[in-house]
Structure formats: C-alpha cells, structure tokens
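Visitor: Okay, handing you the structure first.
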C-alpha cells in the first residue's frame, strides 16, 4: 500500500480551484485535471442555461432546426475529416455546443413530437426497425473503434442512442423501470397520459364561468406537447363551443363531448363521431311530468333554448350558462321537428328532487334521469354517460383508458373519473366524487385544472 502523501493531495486540491483549471472548466469546457470523461458536467450547465434562453425568447423551433446542423458539424470535424487526411481537435467547443447541445435538443425534440414521430399503425414494423437501428449503431461504433483506435467516435453512438430513445418512448410504459435511472417518474407520466378530459362548470371554469389565463396557457402548452383535450359537459354543443375556441381545440385537434356524452364531435373537422338521441315516443311523458308539477321543460336548437317559459329564472340560468338565447314556443311538443339529444326540466331544487325520484323509478329501464345541478334535471337516452361515450372516442382515436386523465366535480363526472387511467376530483367536488378519485386537485377558483396538468403532463 502506498504511503499517505498529504502534500501531493493538497497540490491536487489547489489545482482544482486554480485560475487555470477554472478557465479550462468554464471557458474551454474541459475537466482534464480531474477526469477527462467528466466533460459533460460543464456541458450540461451550458445546455440548461441556453435552454432557458431559448424558452424565454420563444426560439424552440429554430433551435430544433439547428440540432441536426450542430450534430453534422460534430460528425464532420470529429470523425469524417480523417477521410480527407485532416483531423481537428475540437475539445474546446465540441463538448458543449456540438455534442452536448445537439444531443440535448434532439432528445427534447423527439419527446415533444413523439406522437407524430411514432406511428401506432406501424408499431410492429417500428419495433423491428428500431431494434435493427440500435444493433446497427452498436456494430458501427465497434467498427469505428477498430478503424480509429481510441479516437473520437460518434456516428454509431448517434444512431444507437436515437433509436434507443424512440424505442423507450414506444415501449417504456410497458417495461418496469423501478430501479433503473433511465426515465424519471415525471417523464414516464408525461409519456403515459395522452388524453385530458375536462368537465366545464365547477372544473374548467371558475365561479364567473370563465377560464383563467393561467389555466388557458397551461392547457395550450399541454396541447403543444401532443396531449389531446376533450371538453365533456352536459351542455349542448353550442354552449361548449366558446370554450373550445378559447382553448384552440380546432388548431390542436381536440374534441367536444356534449349532452353528457350524447354527441362527440371532432372539433377540427366538425365531424359527428357519435350521436345518441331521445326516443320521440317518450317525449309526451316528459312534457306531462314537467307541466303537472309546474316546471319548465327545455331542449336546444342551435343557439336557442326552446321553452314555453323563456322568463323562468332557471331557464335563464341555463341560457346564460351556455351563452344561448331563450326562444318561446307556443307548444313544446309541436315545436320539436327534429331528433334531440337531451331535455332538461328546471325548477326549485327540493320539489325537483321529488320528481327526479319518481321519474327515475318509471324510466330507469328506458332512459337516463339525473340532476347535474340541484335545479337541473337531465333527461338523456338510456346508457348515456360520459364514460360510455369516452370508450367510443378512445376506440376511434386508438388510445386506451390508461392514457386518459379525467377531471370533474359533479355526479355526472363520476363514471368518467372511475373509468379513466387517472381520475381527478376538484377540491370543490361532491363528496362521493372525491371518494372515488385517484387524486384531488385544487378547487376551480385556484386553477385546479392547471395544477393537474403541471403535475402529471408538463
């Protein structure tokens, strides 16, 4: 065993904090006084600092365009130039700008656009292709080492690492990595959730029925990263549309699930993906229940709320909520000349609760009867609820419920919260909803939806 040499150790320590070493570390991006292979330490510092500036100046797309250029320059100067009998020692600038930054940006770009890069329809072919790419990259690295000796070798490494990254995006969720530091928890969760389903009233909107700017920006950022948004509400489609425009669902290919799941619309194309309407034979009974109990009954036609009592305070609540116009009709049943997805009986909550129980017992085998608000009694086709309609949507777009987050606060949100891979209740949600949720977020007055997105997606 070698004897302890305090003077030698002290000299080494002084060398680490010397002006010359600090210059090599921060200016020339070298760690040679310690170990040459630790070059990535200063490289990471510079990469993160530059990434912050890129985000601040909103230059992400420009940076992505530069990534392959930087990588090409690295490969040329560190490797390909030997074929022309030239060699550049590029330690001073290679490590940070051409190696560190090019790989950093490439990884971030793949992560952000993974949905467009990875084609699920060709998943099997992509699996074999990526495995072949990794194998080719490893083989190429070995050939490069044999040809170049201990020199700088990168081409094979680039191919292998990029293929490995894509393979992990495709299959990482199916592999258990509890003790391997390849993908951290937040990243795995970001990969997992691809669909965000949001109730509106009491969830997305505050008590003023508005989406706060913070929540809007957060949801826009989630969509930029490939997450699809579904606005799921008991409102008619016309009443959901203004919020869809605010959140730019048309631009980012989102969906509207209206009438508690009675309709599903691809908001980008306007395509009706699913529709379920009331049996016309049951309408006279619904009308009789409402009139016998001196309640107003309403349905919807475009931007209008059709009713015999347009001045009723609860009718006006429904109209204001959906930014629609009450339209008086002389006779409700005669005014309905088209298929309808929902009727609504409105009135004083205590008396309405009694009617709900009576109608439910009579109609439970034929249609859905439930209250979305104490003063709103929803009447929808049998089997219609948000979970059932979301199952149809998931099948259409090729996703699974495990990839879905559902956020809500009311009784009509309970089924989708129980169905989703991650069911989230607002802090202001009904007690039974909170009990059945996987996670409870902040209230709708505290940007609870934004908090969910920041925790599980961004």
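The values are calculated or read from the model by the stated rules, or taken from the named source; none is laboratory data. All of these numbers come straight from a predicted model, not from anything done at the bench. So basically every Cβ, Gly included, is an ideal-geometry build from the backbone, and we count neighbours across all protein chains shown.
Visitor: Return only the number of the condition from (1) at pLDDT 90 or above; (2) closer than 27 Å to residue 276 by Cα; (3) surrounded by fewer than 17 Cβ atoms within 10 Å (Cβ to Cβ); (4) in contact with a strand residue (DSSP E or B) (Cβ under 6 Å, 6 or more places away or on another chain) that residue 418 does not satisfy.
Guide: (4)
Visitor: Pick out the one residue from 303, 328 that is touching a residue at least 40 places away in the same chain (Cβ under 8 Å) and farther than 24 Å from residue 358 by Cα.
Guide: Just a single option satisfies the conditions, and that option is 303.
Visitor: Checking the structure you have, find out if any residue of the stretch 394-412 is closer than 17 Å to residue 260 by Cα, modelled with pLDDT under 90 and in contact with a helix residue (DSSP H, G or I) (Cβ under 6 Å, 6 or more places away or on another chain).
Guide: Within the stretch 394-412, one or more residues are closer than 17 Å to residue 260 by Cα, modelled with pLDDT under 90 and in contact with a helix residue (DSSP H, G or I) (Cβ under 6 Å, 6 or more places away or on another chain).
Visitor: Please state which of the following conditions residue 212 fails to meet, knowing it meets all the rest: (1) crowded, with 23+ Cβ neighbours inside 10 Å; (2) more than 19 Å from residue 371 (Cα to Cα).
Guide: (1)
Visitor: Residues that are without any contact (Cβ under 8 Å) to a residue 24 or more places away in the chain, within 23 Å of residue 235 (Cβ to Cβ) and under 19 Å from the mean Cα position of the chain (by Cα), at least 1 per element: which helices (runs of 4 or more DSSP H) completely within the stretch 386-458 meet that?
Guide: 414-419
Visitor: Sort out for me the helices (runs of 4 or more DSSP H) sitting completely within the stretch 197-310 that have 1 or more residues that are under 30 Å from residue 109 (Cα atoms) and not assigned by TED's automatic domain parsing to the domain that holds residue 368.
Guide: 213-224, 237-246, 249-252
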